[in-house]
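Enquirer: Take this structure first; my questions come after.
The values are calculated or read from the model by the stated rules, or taken from the named source; none is laboratory data. None of these values were measured; they are calculated from a predicted model. Here the Cβ positions follow ideal geometry from the backbone for every residue, glycine too, while neighbour counts run over all protein chains shown.
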Amino acid sequence: MIRSFRSELLKLRRPSVIFGGGAVLAGFTVLATVLTFTTATATGKAAQNGRYATSTFAGLAGANGLTRGFANAAGLLGILVFVLFLTSMTSEYSHGTLRVLLTRQPRRARLLGGKFLALVAVAAAAMVAALLLSAAVAIPLAHSRGIATNGWFTVGGLGHLASNYANALLAVVFFGTAGFALAVLLRSTVLALGVGLAWLLPLENIVQNSWAGSGHWLPGLLFGAVGRGGTNIVSYQVALALALAYCAIALTVASVSFLRRDVTA
Amino acid sequence: MTPATSITRVHESARPQSGTVTAPLPPGRAVAGPAIETHGLTKRYGARTAVDGLDVEVPRGVIAGFVGPNGAGKTTTLRMLLGLIRPTAGAGWVLGVPLTSSAGYLGQVGALIESPAFYPGLSGQCNLAVQATLAGIDPARIPAVLQRVGLDGRGSDLYKTYSLGMKQRLGIAAALLGEPSLLILDEPANGLDPAGIREMRDLLRSLNADGGTVFVSSHQLGEVQQVCDWLVVIDQGRLVFQGPTGQLMAGRGDVLVTGCQPAADLPRLGAILARRGLACTRTGDRLYADLAGIADIDEMVAEISQTASAEKLTLIELTVTKANLEDRYLNLIPGGPLS
């Protein structure tokens, strides 16, 4: 599995992943951070039907203010990681490289496991970059809006930074796992992306608007809730448990399929 | 590297029961057995049978050609040998190890299946590094294999900038990475120019000279005839012929072409041939005789020449046309489409 992990990292060093993915990551992070600070008001705006509440000046001046924008970016970054995990697997089918990989590493579980862990490692590194970028953008934004930043650089602030990072990482890995499983099952970039994005973006939002309790059950909403440390609809613990369960099921089904199906690509 | 002159059915006791995919490995098989051996290998996709009870045996140390019409089941067979497709029934061994334990032999096998498959956004060298890392092969071998296939100096270029022939060469380089004792190649000369095809021929011979076994699928029967000393021919998923190439080429198919002037003397010439036991047919002003079963063709041709001269016949043609592999192949598979 270590060889598979290292081999996958070599592939992920290609310019299209580094520059293309990096640009989208930076764009999403900056956008979420800017919106977090520019929409903040003295009183804030209450959350509606599970949607974000806008931040208050007091809230942003608190210990977790530095990473509030980063936490809000977790959903968007989740979609990016979903696409990364999905396409890294479907491209093996479309390029025909899977047959080459399997003649080099016929133990399919090791190949799949190493590949997945490499993608998780890349997601973790990307989230560190996003965290640093968000923090770098947050500081001048806070000053421009007159928000005090003294509370950010305290022990409590560092604790929030660590927990927000962990939650955001968990959320994007959950999104990535869903993309990975879809890719293994559907084996087609167009099909898997179509199904996945249609479900995560319009479908879940439509259901959410018509069914208030959907935040307890729909996977995309649960992943997002983990990234934000829980919402007013679903607690962090419940969201985390359900998200873990969904991902375990998805990975199990995908692994069984990968181990048993013929490779004809 | 002298292959057996007849097809020997070995390990009969190891034949699997009907419907089973595996069979026990007899003691010593891994050392002394053929490079590739299958018994009743079958692959069905629903109602369609792609490979139908295939019994193949490729001795070690040969260059074996794997030929058959499009859709005959060649690629499906190769995929089963490489562990990519699970057989529906039958058993097989590669380098003495059962197909069901492909991890036990793939480290010694280099393969190029269908078209070369690489990552377009990575350089040729980096593509090989991905495979070397995955297989636990020392990446220091990469420059050597690139040089062996004539890609030294182009290894740092992106794969997507490669020509078809260069892609094919990189595929061969990848197959050579692990210093394999068995090379399985599917149409390796695709996209190569004449010089590249000659280099490929030389490469296969040099690999074989080093003691390796090569199993190569190809539609270029001229190449197969030149390079391969063992042949496996399949059609509609079934074995049609396997054995030394010479065995297929010997005897049937060579034709004696004769002509004389004036053409009115052709019946007299036909009579001479008939006395030699040759049945001939006339087409235009030539007689054609099948030389099947003639032990010493040169001696017979000399006698016909002397007899014709003695009978005052003026020969204007006395030629033996050697059948080639294409003729043999088309005899084996009537109407078999070649692409």
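Let's see how each residue does on (1) touching a helix residue (DSSP H, G or I) at 6+ places or on another chain (Cβ under 7 Å); (2) touching a residue at least 12 places away in the same chain (Cβ under 8 Å); (3) assigned to a strand (DSSP E or B); (4) not assigned by TED's automatic domain parsing to the domain that holds B:Leu176:
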{"residue": "B:Ala64", "(1), (2), (3), (4)": "no, yes, yes, no"}
{"residue": "B:Thr76", "(1), (2), (3), (4)": "no, yes, no, no"}
{"residue": "B:Arg86", "(1), (2), (3), (4)": "no, yes, no, no"}
{"residue": "B:Glu114", "(1), (2), (3), (4)": "yes, yes, no, no"}
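Enquirer: Oh, and also: Where residues in the range B:158-178 are assigned to a loop (DSSP other than H, G, I, E, B) and among the hydroxyl-bearing types (Ser, Thr, Tyr), which of them is surrounded by the fewest Cβ atoms within 10 Å (Cβ to Cβ)?
Expert: Residues of the range B:158-178 that are assigned to a loop (DSSP other than H, G, I, E, B), as a first pass: B:162-163, B:177-178.
Still in the running and among the hydroxyl-bearing types (Ser, Thr, Tyr): B:162-163.
Details: B:Tyr162: 20, B:Ser163: 11.
So, considering only residues that are assigned to a loop (DSSP other than H, G, I, E, B) and among the hydroxyl-bearing types (Ser, Thr, Tyr), the one surrounded by the fewest Cβ atoms within 10 Å (Cβ to Cβ) is B:Ser163.
Enquirer: Please pick out the residue among A:Ala239, A:Ala198 that is over 28 Å from A:Thr67 (Cα atoms) and under 17 Å from the mean Cα position of the chain (by Cα). It would help to see each step written out before you state the result.
Expert: Values: A:Ala239 fails: over 28 Å from A:Thr67 (Cα atoms).
A:Ala198 is the lone residue from the list that is over 28 Å from A:Thr67 (Cα atoms) and under 17 Å from the mean Cα position of the chain (by Cα).
Enquirer: Could you tell me which numbered condition B:Ala263 fails, if it satisfies all but one of (1) surrounded by fewer than 19 Cβ atoms within 10 Å (Cβ to Cβ); (2) closer than 30 Å to B:Leu182 by Cα; (3) not basic (Lys, Arg)?
Expert: (2)
Enquirer: What number of residues within the range B:81-95 satisfy the criterion of being over 18 Å from B:Leu207 (Cβ atoms), more than 11 Å from chain A (Cβ to nearest Cβ), among the hydrophobic types (A, V, I, L, M, F, W, C) and crowded, with 22+ Cβ neighbours inside 10 Å?
Expert: 2
Enquirer: Can I ask one more? Could you tell me whether B:Leu248 is more than 30 Å from B:Ala189 (Cβ to Cβ), buried (at least 20 other Cβ atoms within 10 Å of the Cβ) and not small (Gly, Ala, Ser)?
Expert: Details: more than 30 Å from B:Ala189 (Cβ to Cβ): no; buried (at least 20 other Cβ atoms within 10 Å of the Cβ): yes; not small (Gly, Ala, Ser): yes.
Criteria not met by B:Leu248.
Enquirer: State the number of residues belonging to the range B:179-218 that are surrounded by fewer than 17 Cβ atoms within 10 Å (Cβ to Cβ) and in a loop (DSSP other than H, G, I, E, B).
Expert: 4
Okay, residues lined up against (1) in contact with a Phe, Trp or Tyr (Cβ under 8 Å, 6 or more places away or on another chain); (2) surrounded by 14 or more Cβ atoms within 10 Å (Cβ to Cβ); (3) within 30 Å of A:Val100 (Cβ to Cβ):
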site	(1), (2), (3)
A:Leu191	no, yes, yes
A:Asn205	no, yes, no
A:Gly213	no, no, no
A:Phe223	yes, yes, no
A:Gly227	no, yes, no
A:Ile233	no, yes, no
A:Tyr236	no, yes, no
A:Ser255	no, yes, yes
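Enquirer: Let me ask you something else. Quick one: which residue in B:Gly53, B:Gly104 is surrounded by fewer than 20 Cβ atoms within 10 Å (Cβ to Cβ) and either free of Cβ contacts under 8 Å to residues at least 12 places away in the same chain or within 13 Å of chain A (Cβ to nearest Cβ) (or both)? Can you show your working first?
Expert: Values: B:Gly53 fails: either free of Cβ contacts under 8 Å to residues at least 12 places away in the same chain or within 13 Å of chain A (Cβ to nearest Cβ) (or both).
It is B:Gly104.
Enquirer: Give me the residue from the range A:68-105 that is in contact with a Phe, Trp or Tyr (Cβ under 9 Å, 6 or more places away or on another chain), without any contact (Cβ under 8 Å) to a residue 60 or more places away in the chain and within 14 Å of chain B (Cβ to nearest Cβ) and, out of that set, surrounded by the fewest Cβ atoms within 10 Å (Cβ to Cβ).
Expert: In this case the residue turns out to be A:His95.
Enquirer: Something else: Quick check, is B:Pro98 away from chain A (no Cβ under 13 Å), surrounded by fewer than 24 Cβ atoms within 10 Å (Cβ to Cβ) and farther than 23 Å from B:Gly171 by Cα?
Expert: Values: away from chain A (no Cβ under 13 Å): no; surrounded by fewer than 24 Cβ atoms within 10 Å (Cβ to Cβ): yes; farther than 23 Å from B:Gly171 by Cα: yes.
No, not satisfied.
Enquirer: Go through B:Leu112, B:Leu221 for me and flag whichever is among the aliphatic types (A, V, I, L, M), within 14 Å of another protein chain (Cβ to nearest Cβ) and under 29 Å from B:Tyr329 (Cβ atoms). Before you say what the answer is, go through the steps one by one.
Expert: Working: B:Leu221 fails: within 14 Å of another protein chain (Cβ to nearest Cβ).
Unique residue meeting the criteria: B:Leu112.
Table: residues versus (1) among the acidic types (Asp, Glu); (2) in contact with a Gly (Cβ under 6 Å, 6 or more places away or on another chain); (3) at the interface with chain A (Cβ under 7 Å from one of its Cβ atoms).
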{"residue": "B:Ala117", "(1), (2), (3)": "no, yes, yes"}
{"residue": "B:Ser123", "(1), (2), (3)": "no, no, no"}
{"residue": "B:Asn127", "(1), (2), (3)": "no, no, no"}
{"residue": "B:Leu134", "(1), (2), (3)": "no, no, yes"}
{"residue": "B:Ala144", "(1), (2), (3)": "no, no, no"}
{"residue": "B:Tyr159", "(1), (2), (3)": "no, yes, no"}
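Enquirer: Also: Somewhere in the range B:147-157, is a residue buried (at least 17 other Cβ atoms within 10 Å of the Cβ), under 30 Å from B:Arg238 (Cα atoms) and in the same structural domain as B:Ser217 (by TED's automatic domain parsing)?
Expert: Within the range B:147-157, not a single residue is buried (at least 17 other Cβ atoms within 10 Å of the Cβ), under 30 Å from B:Arg238 (Cα atoms) and in the same structural domain as B:Ser217 (by TED's automatic domain parsing).
Enquirer: Separate question: Which one of A:Leu133, A:Leu170 is assigned to a helix (DSSP H, G or I), within 23 Å of A:Ala239 (Cα to Cα) and modelled with pLDDT under 95?
Expert: Details: A:Leu133 fails: within 23 Å of A:Ala239 (Cα to Cα).
Answer to the selection: A:Leu170.
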